[in-house]
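Colleague: Before anything else, here's the structure in question.
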Amino acid sequence: MRCFFLPRIDAMTGYTPGEQPRDADVVKLNTNENPYPPSPRVAEAIASALDDRLRLYPDPVATAFRRVTARLHGVEPDMILAGNGSDDLLTIITRAFVGAGDLVVYPMPSYPLYRTLSELQGARESHTL
């Protein structure tokens, strides 16, 4: 069967997630998860915010968030980039600013997505300590 992937994509290895401890006595820090439930005040605020809008897609450019954040930092809303978490933002930034053959420098040990995004763009990598 013919492979339709770009050669550099076909040559990549798959992502291997870190160990996920199953022991209830272990506090898991490797995935930036909070081991504690939200406070009752937070749970109440979430419950009171649920309404009919939950069935709709959110604003794809986060207009209200960008407007408030821009005002808070004294910049224009067009200067604020919003995304669905850090992975999404790192992907957007890498796709916009890193081209084939460009050099990407990141620390080691590091977040595995840096390498993946560099490889996807066909960039060269360098590690610092």
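Bear in mind these aren't lab numbers, they're just calculated from the coordinates by the rules spelled out. Keep in mind it's a predicted model, so treat the numbers as computed, not measured. Because the Cβ atoms are built from the backbone with ideal geometry, glycine has one as well, and the counts that use them run over all protein chains shown.
Colleague: Which value does Rg/Rh take for the chain over its C-alpha atoms, Rh per Kirkwood?
Modeller: Details: Rg = 19.9 Å, Rh = 19.0 Å.
We get a ratio of 1.05 for the chain.
Colleague: Another question about this same structure. Going by average Cβ neighbours within 10 Å, how do the peptides 43-54, 90-101, 116-127 rank, with the highest at the top? Mind showing how you got there, number by number?
Modeller: Details: 43-54: 8.8, 90-101: 12.9, 116-127: 15.7.
Result, highest mean Cβ count within 10 Å first: 116-127, 90-101, 43-54.
Colleague: When the expected Rg is taken as 2.2 N^0.38 Å, what fraction or multiple of it is the alpha-carbon Rg of segment 1-44?
Modeller: Working: Rg = 19.6 Å, N = 44, 2.2 N^0.38 = 9.3 Å.
Here the Cα radius of gyration is 2.11 times the empirical estimate.
Colleague: Can you give the helix-only mean residue ellipticity at 222 nm for the chain, where every DSSP H stretch with n ≥ 4 adds -39500 (n - 2.57) and the sum goes over all residues, rounded to the nearest 500 deg cm²/dmol? List each step's numbers first, then the result.
Modeller: Details: 5 runs with 47 residues, N = 129.
So the helix-based figure for the chain works out to -10500 deg cm²/dmol.
Colleague: Right, here's the next one. Placing unit charges on C-beta atoms (Lys and Arg positive, Asp and Glu negative, everything else neutral), compute the dipole magnitude of the chain about its Cα centre in debye, rounded to 20. Please report the intermediate quantities before stating the final value.
Modeller: Numbers: 13 positive and 16 negative charges, 47 e Å.
Dipole about the Cα centre, nearest 20: 220 debye.
Colleague: I want to check the label-to-label distance for LEU103 and LEU50. Put each point 7 Å from Cα in the C-beta direction and report it in nm to one decimal.
Modeller: Placing both labels 7 Å beyond Cα along the Cβ direction yields 5.3 nm.
Colleague: Given contacts defined as C-alpha pairs under 8 Å and at least six residues apart, what's the relative contact order of segment 9-129, whole-number percent? Can you show the working numbers first?
Modeller: Values: 79 pairs, mean separation 20.6, N = 121.
Relative contact order for segment 9-129 comes out at 17 percent.
Colleague: Continuing with this model, one more query. Going by Cα centres, segment 12-43 and segment 47-105 are how many Å apart?
Modeller: 24
Colleague: Could you work out how far apart the two model spin labels at ARG67 and SER110 are, taking each label as a point 7 Å from the Cα in the direction of the beta carbon, and quote it in nm?
Modeller: Modelled inter-label distance: 3.8 nm.
Colleague: Additional query: Distances over 15 Å make up what percent of all Cα-Cα pairs in segment 40-81? Show your work: numbers first, answer last.
Modeller: Values: 498 of 861 pairs.
Taking all Cα-Cα pairs of segment 40-81, the fraction more than 15 Å apart is 58 percent.
Colleague: While we're looking at this one, here's another question. Can you tell me how much longer the chain between LEU6 and ASP78 gets when fully stretched, taken as 0.36 nm per residue apart minus their C-alpha distance, in nm with one decimal? Don't skip to the end; give the middle numbers.
Modeller: On the way: separation 72, 0.36 × 72 = 25.92 nm, distance 3.34 nm.
Going from the current span to full extension adds 22.6 nm.
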